[in-house]
Amino acid sequence: MELTEIKSRLESLGIPVAYMRFRKPQSLPFAVYYESGTEIKGADNYNLYRDVTINIELYTEKKQPQLERQLENLFRDREIDKSPDIYIKDEDMYMTPFSFDTIQYIEEE
């Protein structure tokens, strides 16, 4: 799954979405996504695919289980992990982190 597909799926939630960060402050709720690690694998001296960890952070004013379920359902084709919620006191908001691994095949150029 490529980053463009991840962004497209998240945008279907109807909230602002950005890779890593927004350039301007956003109204809650919003989401950011980013790669947090990549392992390049292959055989016979060829790199064949990337095993990429994707993180998604959902920011909300209060706990929103329905929005969280909607996000989880967008990635039903992946094993998605949800970490504990984090309250960001300075911003008076909650961050709910999700992550999953995806395979990106390397094409020869």
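The values are calculated or read from the model by the stated rules, or taken from the named source; none is laboratory data. The shown structure was predicted, so the numbers you read here are calculated from the model rather than taken from an experiment. Glycine also receives a Cβ, built like all others from the backbone with ideal geometry; neighbour counts cover every protein chain displayed.
Which residue, of TYR87, TYR59, TYR94, is touching a strand residue (DSSP E or B) at 6+ places or on another chain (Cβ under 7 Å), free of Cβ contacts under 8 Å to residues at least 40 places away in the same chain, under 15 Å from TYR34 (Cα atoms) and part of a strand (DSSP E or B)? Explain how you work it out, then say what you get.
On the way: TYR87 fails: under 15 Å from TYR34 (Cα atoms); TYR94 fails: under 15 Å from TYR34 (Cα atoms).
Sole residue among the options that is touching a strand residue (DSSP E or B) at 6+ places or on another chain (Cβ under 7 Å), free of Cβ contacts under 8 Å to residues at least 40 places away in the same chain, under 15 Å from TYR34 (Cα atoms) and part of a strand (DSSP E or B): TYR59.
Among all residue pairs at least 6 apart or on different chains, which show Cβ distances below 6 Å where the first residue, located in segment 25-40, is on the phi > 0 side of the Ramachandran plot and the second is at pLDDT 95 or above and charged (D, E, K, R)?
If the second residue must be at pLDDT 95 or above and charged (D, E, K, R), no pairs are left.
Surrounded by fewer than 15 Cβ atoms within 10 Å (Cβ to Cβ) and in a helix (DSSP H, G or I) - does that describe any residue in segment 23-30? Break it down into steps so the answer makes sense when it comes.
Of segment 23-30, the ones surrounded by fewer than 15 Cβ atoms within 10 Å (Cβ to Cβ) are 23-25, 27.
Narrowing the set further to residues that are in a helix (DSSP H, G or I) leaves none.
Looking for residues that are surrounded by fewer than 15 Cβ atoms within 10 Å (Cβ to Cβ) and in a helix (DSSP H, G or I), one finds none in segment 23-30, hence no.
Here is a check on your reading of the model: is TYR49 in a strand (DSSP E or B), more than 19 Å from LYS82 (Cα to Cα) and touching a Phe, Trp or Tyr at 6+ places or on another chain (Cβ under 7 Å)?
Working: in a strand (DSSP E or B): yes; more than 19 Å from LYS82 (Cα to Cα): yes; touching a Phe, Trp or Tyr at 6+ places or on another chain (Cβ under 7 Å): yes.
So TYR49 fits the description; yes.
Hey, could you check segment 62-84 for residues that are in contact with a Ser or Thr (Cβ under 8 Å, 6 or more places away or on another chain) and without any contact (Cβ under 8 Å) to a residue 24 or more places away in the chain and say which is farthest from THR4 (Cα to Cα)?
Going through the qualifying residues, I end up with SER83.
Across segment 47-67, which residue is nearest to GLU107 (Cα to Cα) among those that are modelled with pLDDT of 95 or more and crowded, with 17+ Cβ neighbours inside 10 Å?
That would be ILE54.
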